[in-house]
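Have a look at the structure below, then the notes.
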Amino acid sequence: MTPRTHKKLLRFALLPLAAAALAIAGCTSGMVTGTGTQSNGETGAAFLVGTDAPLASVVSFQVQLMAVELTNGTTTTSTLVKGTPTVDFARFNGLQTLVDMNQVPAGTYTGVTFVLGTGTVSYLNTSGSGAPSITTAPAAFSSSTFTFNLPKSLVIGTNTPPVGLRMDFDLHQSIPVDSNGQIETNSSGDVTVNPTIDVSTVTRTDTFAHIDLLYGSVVTAPTSTTEPSSFTIQGPHGEQFTINTSSTTEWDGGASLTSLNTNSVIEVAGTLDPADQTLDADEVALVTNSKFYARGLVTYVTPTSGAATNLDFYVRAVEPSSLADVPLGGLAQVNITGNENYGILWMHNAFTQLLFNSSALTPGQEIIVGGTQAEATPATGTAITVNRIHLENWGYEGTIVSGSQNSGQGTFQMQINGFAGQVVPSTVTVYLGPACDFRFGFAAFNDLSNSAKIRVVGLLLKNSTNGNLVLLARHVDGLQFTDTTTAAWQ
């Protein structure tokens with residue numbers, strides 16, 4: 001297993017504008033300063049990648065991005081995002097998504113300005129007996145406009161591969177909790193948020209620029225039924241992206257180019273193309289060919305052992321968004337009939353059905369369900385019927401159980417403490433997958449010290465024989481944060 005290196009990310013606590021400039025620029029005053037230059041009339045491609053750092057029990061942190069503008073001390077670009085998309089940063093948890101990509105004036109930029117609109121915080125309420133519920137409160141931001149120096153200048157050229165920003169919204173630092181780890185609200189019932197973001201400049205080939213998760217509905221059919229080919233999807237914020245496939249693209253669940261139509265919903269991972277504003281796909285997963293799609297974290301399964309008859313899950317994403325029984329940001333219930341097609345996204349082998357089925361469903365799993373709109377809008381009751389249930393990678397925050405590390409087997413145990421930890425009270429055994437890497441301060445297995453704070457991005461699996469939980473790791477991240485406004489990943 002070859003450890004990957006990582007670039008340090010400079011963390012900025014989003015203070016009000018004047019204070020932020022002083023805190024980051026030292027004794028200099030005013031807004032961002034720099035020696036950047038800008039060309040006349042020439043443009044280049046700039047993209048924005050989004051992810052998040054987790055916070056226990058937070059299931060949704062939706063923020064409206066009014067603008068993300070680059071500056072060089074004298075000039076400010078147009079925004080890097082089209083419209084005013086609302087991005088749920090709690091949805092990523094160790095995975096990265098493409099927020100948007102636009103043409104901006106070519107030049108060297110030394111700062112960035114974020115303008116935030118409205119926001120909401122949703123968290124899991126596990127008080128009482130039975131299934132957990134969701135509480136949602138408005139986010140009261142300490143300020144709405146913030147400008148910062150970039151840790152490394154962003155150079156945008158013409159006829160050159162795209163470059164961009166990686167925006168990691170640190171929920172751990174941004175949202176206040178009490179001594180018991182519960183979300184704090186003010187006298188108005190709002191959650192006071194002091195936004196803290198890790199910002200880095202990235203090129204298309206950097207690890208932090210890889211797109212782990214982008215979903216959308218197909219709007220134009222593939223240009224060819226054999227590779228290479230391309231097609232267009234509409235993303236979660238209404239923007240459109242062209243997806244390129246090649247002979248090296250992996251397709252999940254036996255799907256192929258011929259499987260796609262304008263009723264298809266897909267998930268894709270890949271890298272930005274060096275020549276234009278398109279995405280070169282590493283992997284493509286067909287979620288449904290019948291339009292209805294929902295994604296989220298399982299919070300309750302009935303019965304707790306044996307073959308499930310229904311489950312509750314927190315809905316992070318849904319299409320179409322008008323389905324009353326599948327509320328975005330709420331809990332939906334799924335009837336398990338035994339006729340569902342089960343799969344594991346990003347896993348290609350004949351054992352998938354043995355590893356994930358109706359007897360292997362458990363709270364804490366991140367799933368995708370798909371089916372027809374008719375099945376998703378039952379005439380009576382609130383439970384829906386689906387024809388596909390797929391397991392996904394997800395980021396699980398926790399601490400390493402002291403003495404559990406076994407380098408020979410590539411395993412250790414962890415206590416999950418994040419949102420999923422609210423519904424996964426027991427320890428889980430982590431297995432390092434064949435493509436697992438170490439990030440954010442971890443470089444090798446020996447870095448996994450006793451009681452270290454950690455995030456494992458991977459697949460949560462349940463042994464249907466004894467009920468034990470295992471986590472097949474794709475990424476192992478260090479989470480040793482400090483609380484200063486200029487802290488870097490340790």
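Evaluated against (1) part of a strand (DSSP E or B); (2) farther than 29 Å from residue 273 by Cβ, residue 143 falls short on exactly one condition, (1). Looking only at segment 72-106, count every residue that is touching an Asp or Glu at 6+ places or on another chain (Cβ under 8 Å), among the polar types (S, T, N, Q) and over 21 Å from residue 272 (Cβ atoms) and tell me the total. Residues meeting the conditions: 2. Is it the case that segment 284-295 has a residue that's surrounded by fewer than 17 Cβ atoms within 10 Å (Cβ to Cβ), of a type in the set (Gly, Ala, Ser), modelled with pLDDT under 90 and not in a strand (DSSP E or B)? There is no residue in segment 284-295 that is surrounded by fewer than 17 Cβ atoms within 10 Å (Cβ to Cβ), of a type in the set (Gly, Ala, Ser), modelled with pLDDT under 90 and not in a strand (DSSP E or B). From the set of residues in segment 259-280 that are part of a strand (DSSP E or B) and of a type in the set (Ser, Thr, Tyr), which is surrounded by the most Cβ atoms within 10 Å (Cβ to Cβ)? Among those residues, the one meeting the criterion is 278.
Confirm whether residue 113 is modelled with pLDDT of 80 or more, over 20 Å from the mean Cα position of the chain (by Cα) and not in a strand (DSSP E or B). So residue 113 fails the test.
The values are calculated or read from the model by the stated rules, or taken from the named source; none is laboratory data. Keep in mind that this is a model prediction, so the values were computed, not measured. Cβ sites come from the backbone with ideal geometry, for glycine too, and all protein chains shown count toward neighbours.
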